[in-house]
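Let me begin by presenting the structure, written as structure tokens, before commenting on it.
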Amino acid sequence: MKIHVLGSAAGGGFPQWNCNCRNCNDWREGATGAEARTQSSIAVSIDGENWLLVNASPDIRAQILATPALQPARAVRDSGIAAVLLMDSQIDHVTGLIMLRESSAPLSVYCTDRVREDLETGFPIFNILEHYSGVTPNRIDLQTRSFEPAELPGLRIHPVPLLSKAPPYSPHRADPQPGDNIGVLFEDIATGRTAFYAPGLGIIEDHLRPYMERADVLLVDGTCWREDEMAREVGGEKTAAEMGHRVQSGPGGMIEVLADFPDARRILIHINNTNPILNPDSDERRILDEAGLEVAYDGLGIEL
């Protein structure tokens, strides 16, 4: 199984277009070794030719241009993207579908009923795409333990619900339910090798641990270093937890959580522009290195 990190930043990317926090300012002035990052998305493949796009970032065009495997190669108009899987209906995970509107065939999109409802009502991308490429929705049933997408033979997908709210525009924003946000365990059927992907992992519920224990690679939420990071850096009012994310530092933080899975390759993704771990020379990055944790970057390739 091959995994390619297309984008490793949280919503807004890094540097964020309207942000002058320390990280963004240092990057613009060339005063840091931090790399620019686009908004989070990965691609997964078994054969290296047919790829599952996991979340469709607003930066998808640039991400495709940086990834030869996703570019046209078999026909005049074509793509290595065989299907799309959406883990939620957040703007930074679905807006890229509009960029794919010129597809010569309807986009095969896997999502839960809750996500589909959002994308047909509050943010009706599916309806818009009916005037262009069209969409073939494929239902992710959380009562079913796993499924195998027809477009990617050899890949088995195990979806698991995460505790999270729907986006602000969602008709059911105030009524969170399973299916608003999911994590996914990807399995190579031939080898049994697995990767767990959850960029929006805020609360580690008991039902998630068996999937995380089984994973050879953990790609999980790296949004914020500390709970009050937004207030400290940009004057924001919400804590990391209120935004649905688990911080890395402190008691119960992601560093402590991931210590329970020492045999897995552990990688943080969906990194906010305010997070000091973006700077490879920071004390926070040194702490991660000592804990055996990696920080995802655009273009990172993983083979299992």
Practice item. Answer yes if at least one residue in segment 167-175 is out of contact with any Phe, Trp or Tyr (no Cβ under 6 Å at 6 or more places or on another chain), among the hydrophobic types (A, V, I, L, M, F, W, C) and not in a strand (DSSP E or B), and no otherwise. Key: yes
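Please go through segment 173-185 and pick out each residue that is among the basic types (K, R) and surrounded by 20 or more Cβ atoms within 10 Å (Cβ to Cβ).
Within segment 173-185, none qualify.
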Check your understanding: Out of the residues in segment 237-270 that are over 16 Å from the mean Cα position of the chain (by Cα) and of a type in the set (D, E, K, R), which is farthest from G202 (Cα to Cα)?
Key -> D263
Check your understanding: Can you pull out the residues in segment 45-77 that are assigned to a loop (DSSP other than H, G, I, E, B) and touching a His at 6+ places or on another chain (Cβ under 8 Å)?
Key -> N55, A56, S57, T67
Check your understanding: Scanning segment 143-161 for residues that are modelled with pLDDT of 95 or more and in a loop (DSSP other than H, G, I, E, B), which turns out nearest to P199 (Cα to Cα)?
Key -> S146
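Conditions tested, residue by residue: (1) surrounded by fewer than 13 Cβ atoms within 10 Å (Cβ to Cβ); (2) within 17 Å of Q90 (Cα to Cα).
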{"position": "S146", "(1), (2)": "yes, no"}
{"position": "E151", "(1), (2)": "no, no"}
{"position": "P161", "(1), (2)": "no, yes"}
{"position": "P168", "(1), (2)": "yes, yes"}
{"position": "E187", "(1), (2)": "no, no"}
{"position": "A198", "(1), (2)": "no, yes"}
{"position": "I203", "(1), (2)": "yes, no"}
Review point. Taking only pairs six or more apart or across chains, which ones have beta-carbon atoms under 6 Å, a first residue in segment 26-44 that is part of a strand (DSSP E or B) and of a type in the set (S, T, Y), and a second residue that is surrounded by 21 or more Cβ atoms within 10 Å (Cβ to Cβ) and modelled with pLDDT of 95 or more?
Key: S41/L6; S41/G7; S41/N55; S41/S57
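Could you pull out the residue among M212, M230 that is out of contact with any strand residue (DSSP E or B) (no Cβ under 7 Å at 6 or more places or on another chain), among the aliphatic types (A, V, I, L, M), surrounded by 18 or more Cβ atoms within 10 Å (Cβ to Cβ) and not in a loop (DSSP other than H, G, I, E, B)? Please lay out each step first, then the result.
On the way: M212 fails: out of contact with any strand residue (DSSP E or B) (no Cβ under 7 Å at 6 or more places or on another chain).
From the options M212, M230, the qualifying one is M230.
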Check your understanding: Of the conditions (1) loosely packed, with under 15 Cβ neighbours inside 10 Å; (2) in contact (Cβ under 8 Å) with a residue 24 or more places away in the chain, P251 fails just one. Which one is it?
Key -> (2)
Study note, to complete from the structure: Selection from segment 99-134 of residues of a type outside the set (D, E), surrounded by 19 or more Cβ atoms within 10 Å (Cβ to Cβ) and in a helix (DSSP H, G or I) yields R114, V115, R116, I125, F126, L129
Practice item. Could you run through segment 121-130 and say how many residues are farther than 13 Å from L97 by Cα and not hydroxyl-bearing (S, T, Y)? Key: 1
Review point. What about R246, is it in contact with a helix residue (DSSP H, G or I) (Cβ under 6 Å, 6 or more places away or on another chain), part of a loop (DSSP other than H, G, I, E, B) and of a type in the set (K, R)?
Key: yes
Point to revise | Residue count for segment 233-243, restricted to those that are outside any helix (DSSP H, G or I) and crowded, with 20+ Cβ neighbours inside 10 Å | key: 1
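The values are calculated or read from the model by the stated rules, or taken from the named source; none is laboratory data. Just so it is clear, the model here is predicted, and its values are computed rather than measured. Cβ: placed from backbone, ideal geometry, glycine included. Neighbour counts: every protein chain shown.
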